[in-house]
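Data first, discussion second: the structure below is written as structure tokens.
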Amino acid sequence: MKKRLEELEPGTAVFVDDRRVGEVRAVYAGREGSLPEYLNIYCDSRRAELLVPANEVLTLESRGVILSGPMQSYRDLMTFDPESRPNLRRIR
């Protein structure tokens, strides 16, 4: 089990409560920073990639990443296009 966000592998499952909502695609930091600021998550219900702030992560468990939710808050996020955020640097 990974204990830190920067160790997450692409494909790690993402949950809100007990519901699997998607998977991790990448972890991003600010251009100069090394600490994770965002997770790029593929959201199953929207069939789209989203950029979720790292502070939305409640915990990392053996089954995957647990987000704080509620699910509605992720439905309202804009889809993520890495080209539109040049200030971010992929760290995983």
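The numbers here are math on the coordinates, done by the rules we state, and not lab data. Just so we're clear, the structure is a prediction, and the values are computed from it rather than from any experiment. Note: ideal-geometry Cβ built from the backbone for every residue, glycine included; neighbour counts use all protein chains shown.
A few remarks follow.
- Note on residue 71 and residue 54: their simple-model spin labels are 2.8 nm apart, each label 7 Å out from Cα toward Cβ.
- Packing-based exposure ordering (other Cβ within 10 Å, fewest first) of 27, 14: 27, 14
- A Cβ-based charge dipole, computed about the Cα centre of region 5-90 with Lys and Arg at +1 and Asp and Glu at -1, lands at about 200 debye.
- Amide hydrogen neighbours beyond the local backbone of residue 25, cut-off 5 Å, H modeled: 11, 40, 41, 42
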